[in-house]
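Below: one structure, written as structure tokens.
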Amino acid sequence: MSTQPHPYKAELTQIALAIEGQQKTEVVPTRYPGFLSGDQDMTDPEIDWQEGRYVGADRDPHDHTEGQHSFDGGSWTIHPYDGFPIAWAMGSETVTVDDPEAGLTTHTIERLHDGAPPTATVEGAFFGRGSQEDLVNGFLGVYPDTATIQQDNEGKLEVTTDLIGLGLTPDTQDGTRSAVDVSLPDRQPWRFSKVDSNLELAFGAGAQSFARVIDFSLEIANNATAEHYIEESEGNEPYELLYGNGGYSLEVEIAVTDNSIYQEMADPTQGGFDTSITFVKDSNETLEIRSTGCRMEGAPHGVPEEGKIEVPITILPRQTTITVVDSESDGTGYLEAGTPA
């Protein structure tokens, strides 16, 4: 019995990426998307094989014809150490150097409304042991169709993404790709216990601060689509990614101490209200999430079997701006294109 080669192991893997200057144009991956935790699914290919059943054939398929290829099964759980995964999902950023003070860079991240989604070249590597070869795959045109920023009352802030892609690199198709050399940075994630401001909801008589937030979740939806055309270059693969209508959904759970939330449901604020919360690291790096034109869709005040009254609130923001102050980006934007491969 032979035990060689061994199966690839989770602790000997790597996922790296870089933003493409043009969709589906390969660049050299140079960074991790953040600290990846738990299971990670890549945008591995799926093929639509179309069965041929014709007059004169028997009960089995007569043949299979290769149809469209799709690359839309990716899913990552990221603990961000900077604003990269959020900027990638939102699509647009403004970079201000030495702001709010020397050595810091402010990244103002907003929804991209014109132009194409900023896609990335992604590399996933399984490293072999001893004489075992590495298994390295490169993916083109990868983009977060949805990204959800989540923070509960015990752990690290995380961004979960559902990814869609456009294809594979040529050296993945012929099996010759080698892994790039990247390292995890010595940085910290944001955590529940480091908040620079409590959650504020600006309705009724003015902004109200809520200290008893149990759970916070903002979903950013892009509704991107991978488009196939009758054209000469891409064959069965998608040609490009296009944006659909965007949307946000904010879910907050609060231990209530007054009637302000219920009153907002009973008598909504004219024009909607604003929400904001800011997370901070020991290095004074901050992440502020601010939404405007918010409408409260539901806030049931149920009676539990025991314990404090916890109210799950569903909020529909109209617009959202996320501002990240970074001490290590040195004025470089998260969405700057990488080096062509």
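The values are calculated or read from the model by the stated rules, or taken from the named source; none is laboratory data. From a predicted model like this one, the values you see are computed outputs, not experimental measurements. Backbone-built Cβ (ideal geometry, glycine too); neighbour counts: all protein chains shown. Only protein heavy atoms, including side chains, enter the accessible area calculation; ligands, DNA and RNA are left aside. Shrake-Rupley method; radii C 1.70, N 1.55, O 1.52, S 1.80 Å.
Accessible area per residue (1.4 Å probe, heavy atoms of protein chains only) ranks Asp171, Asp134, Asp326 as Asp134, Asp171, Asp326, with the largest value leading.
When the chain is treated as a GNM with alpha-carbon contacts under 10 Å, the residue of Gly124, Gly74, Gly56 showing the greatest mean-square fluctuation is Gly56. In this entry, the stretch 288-341 is assigned a mean projected area of 8.0 nm², taken as a quarter of its C-alpha convex hull surface. Under 5 Å from the amide H of Thr30 lie the amide H atoms of Leu17, Ala18, each residue being 5 or more positions distant or on a separate chain, with H modelled from the backbone and absent for Pro and chain starts.
In terms of accessible area, using a 1.4 Å probe and ignoring ligands and nucleic acids, Thr121, Thr77 rank largest first as Thr77, Thr121. Applying D = kT/(6 pi eta Rh) to the stretch 181-297, where Rh is the Kirkwood radius over alpha-carbon pairs, T corresponds to 10 °C and eta to 1.306 mPa s, the Stokes-Einstein value obtained is 89 µm²/s. By DSSP, the beta bridges lying fully in the stretch 226-341 are antiparallel in about 100 percent of cases. In the elastic network of the chain, a GNM with C-alpha springs shorter than 10 Å, the most mobile of Asp72, Asp258, Asp330 is Asp258.
Calculated FRET efficiency, Gln22 and Asp134, Cβ-Cβ r, R0 35 Å, to nearest 0.05? Calculated value: 0.80. Considering only Phe216, Phe273, Phe127, the mean-square fluctuation computed in a Gaussian network model of the chain, springs between alpha carbons under 10 angstrom, is largest for Phe127. Counting only DSSP beta bridges with both residues in the chain, tell me the antiparallel percent, nearest 5. For the chain, the DSSP antiparallel bridge percentage is about 100.
Please report how many Lys pairs in the chain have alpha carbons closer than 26 angstrom, counting only residues at least 8 apart along the chain or sitting on separate chains. Lysine pair count for the chain: 6.
Considering every Cα-Cα pair within the stretch 1-141, what fraction, in whole percent, is farther apart than 24 Å? Cα-Cα pairs of the stretch 1-141 separated by over 24 Å account for 52 percent.
State the Cα centre-to-centre distance between the stretch 303-341 and the stretch 154-169 in whole Å. Value for the Cα centre distance between the two parts: 14 Å. In terms of accessible area, using a 1.4 Å probe and ignoring ligands and nucleic acids, Leu241, Leu135, Leu168 rank largest first as Leu135, Leu168, Leu241.
Extent of the chain along its three principal axes (Cα atoms, max minus min coordinate, largest first): 72, 57, 50 Å. Other residues with beta-carbon under 9 Å from the beta-carbon of His62 carry, at +1 per Lys or Arg and -1 per Asp or Glu, a net charge of -3. Here the 3J(HN,Hα) profile of the stretch 329-341, calculated from phi with Karplus coefficients 6.51, -1.76 and 1.60 at θ = phi - 60°, is 7, 6, x, 8, x, 5, 9, 5, 5, x, 7, x, 6 Hz, Gly and Pro shown as x.
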